[in-house]
Amino acid sequence: MTLDVAWSERWVRRAAEALTAARADLTELDRQIGDGDHGENMHRGFQAVVAKLDDGTERTQVGEVLKVVATTLMSSVGGASGPLYGTAFLRASKATERAELDGSSVVAMLEAALEGVTTRGKATTGEKTMVDAWQPAVDAAAGVAQDGGDPVAVLRAAAEAADTGAASTIPLVATKGRASYLGERSAGHEDPGARSTALLLGAALAAALTDEVPSA
Ligand code: ADP
Ligand code: MG
């Protein structure tokens, strides 16, 4: 399967579906260490992205699709995650101005997204944020690409590492974002943004494994 423009559109639709399915769970995570709006933010944001994707524009580069994600999230999602994901997808869109991604362009896309998150949020790993999912995803993807893995294998490594990375936030004490207000009491809960990052990258992989497009 090639990671082309059609793949990127399937990715967005699968992400919207996954985030809507996880809406209550993400909200519950954010209720425990934040203000309980992350599920709603992500659900609303990606529903808006899908609506924009359906505007009839023909897109010929992966980056054009990711740019729709970026601009729509920036304008429709409040809170910390809107600008963070908006910047991540904007940087990722600039790294993917091509019709199809090979393994190293998948790595470049993920690196650009991580750079967007860290430029905007100034967090590093271990601070219990979405960086704890993005960073291992980038590292794992780079390793597989270096070993000559195909683009789907690179994406699989990223998705799996993001999932493990999100789970690894459970014992951490938050030092960035709203959860940091809780201090030690933030330990024992998974970071909602790290979980949504794992869901996003899982959707990217799922979109690469099947041509099926989820209905709305
Ligand atoms: P808010 O915290 O404004 O309510 P959300 O609930 O939508 O926004 O998003 C919270 C998530 O944003 C956190 O779980 C965390 O992953 C992420 N986040 C918050 N601050 C930062 C930061 N400085 N750097 C990276 N990620 C952050
Ligand atoms: Mg919140």
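Checked against the criterion of being within 21 Å of residue 117 (Cα to Cα), within 16 Å of ligand 1 (Cβ to nearest atom) and acidic (Asp, Glu), region 133-155 has no qualifying residue.
Output the number of residues of region 21-42 satisfying the condition of being away from ligand 1 (no atom under 11 Å from the Cβ) and open to solvent by less than 50 Å² (accessible area, probe 1.4 Å). If you could, list the steps in order and put the result at the bottom.
Of the residues in region 21-42, the ones away from ligand 1 (no atom under 11 Å from the Cβ) are 21-25, 28.
Then keep just the ones that are open to solvent by less than 50 Å² (accessible area, probe 1.4 Å); that gives 22.
Within region 21-42, residues that are away from ligand 1 (no atom under 11 Å from the Cβ) and open to solvent by less than 50 Å² (accessible area, probe 1.4 Å) number 1.
Of the residues 51, 95, the single one that is without any contact (Cβ under 8 Å) to a residue 60 or more places away in the chain and closer than 20 Å to residue 21 by Cβ is 51. For the criterion of being at pLDDT 95 or above, open to solvent by 10 Å² or more (accessible area, probe 1.4 Å) and not aromatic (Phe, Trp, Tyr), residue 12 fails. Here residue 6 qualifies as surrounded by fewer than 19 Cβ atoms within 10 Å (Cβ to Cβ) and aliphatic (A, V, I, L, M).
Scan 194, 207 and give me the residue that is under 16 Å from the mean Cα position of the chain (by Cα), in a helix (DSSP H, G or I) and away from ligand 1 (no atom under 12 Å from the Cβ).
Details: 194 fails: away from ligand 1 (no atom under 12 Å from the Cβ).
After applying the criteria, what remains is 207.
Could you go through region 76-87 and let me know if any residue there is under 23 Å from residue 10 (Cα atoms) and more than 16 Å from ligand 2 (Cβ to nearest atom). Within region 76-87 (the criterion being under 23 Å from residue 10 (Cα atoms) and more than 16 Å from ligand 2 (Cβ to nearest atom)), the answer is yes, since at least one residue qualifies. Pairs are defined by a Cβ separation below 6 Å, a sequence spacing of at least 6 or placement on different chains, a first member in region 30-41 that is at positive phi, and a second member that is near ligand 2 (Cβ under 6 Å from one of its atoms) and of a type in the set (Asp, Glu); the pairs so defined are 36/30.
Just one of (1) touching a residue at least 60 places away in the same chain (Cβ under 8 Å); (2) surrounded by fewer than 21 Cβ atoms within 10 Å (Cβ to Cβ) fails for residue 194. It is (2). Residues being within 15 Å of the chain's Cα centre (by Cα), surrounded by fewer than 22 Cβ atoms within 10 Å (Cβ to Cβ) and more than 17 Å from residue 204 (Cβ to Cβ) are entirely absent from region 48-70. Here the helices (runs of 4 or more DSSP H) wholly within region 1-60 that include at least 1 residues being among the polar types (S, T, N, Q) and within 16 Å of ligand 2 (Cβ to nearest atom) are 23-33, 38-53.
Restricting attention to region 166-191 and to residues that are buried (at least 24 other Cβ atoms within 10 Å of the Cβ) and assigned to a loop (DSSP other than H, G, I, E, B), the residue that is farthest from ligand 2 (Cβ to nearest atom) turns out to be 169.
For region 90-131, a residue qualifies if it is within 29 Å of residue 186 (Cα to Cα), open to solvent by less than 10 Å² (accessible area, probe 1.4 Å) and either assigned to a helix (DSSP H, G or I) or more than 11 Å from ligand 1 (Cβ to nearest atom) (or both), and the qualifying residues are 110, 113, 116, 117, 131.
The values are calculated or read from the model by the stated rules, or taken from the named source; none is laboratory data. Keep in mind it's a predicted model, so treat the numbers as computed, not measured. We place every Cβ from the backbone using ideal geometry, glycine too, and count neighbours over all the protein chains shown. In case anyone asks, the SASA skips ligands and DNA or RNA and just uses the protein heavy atoms, side chains included. Shrake-Rupley method; radii C 1.70, N 1.55, O 1.52, S 1.80 Å.
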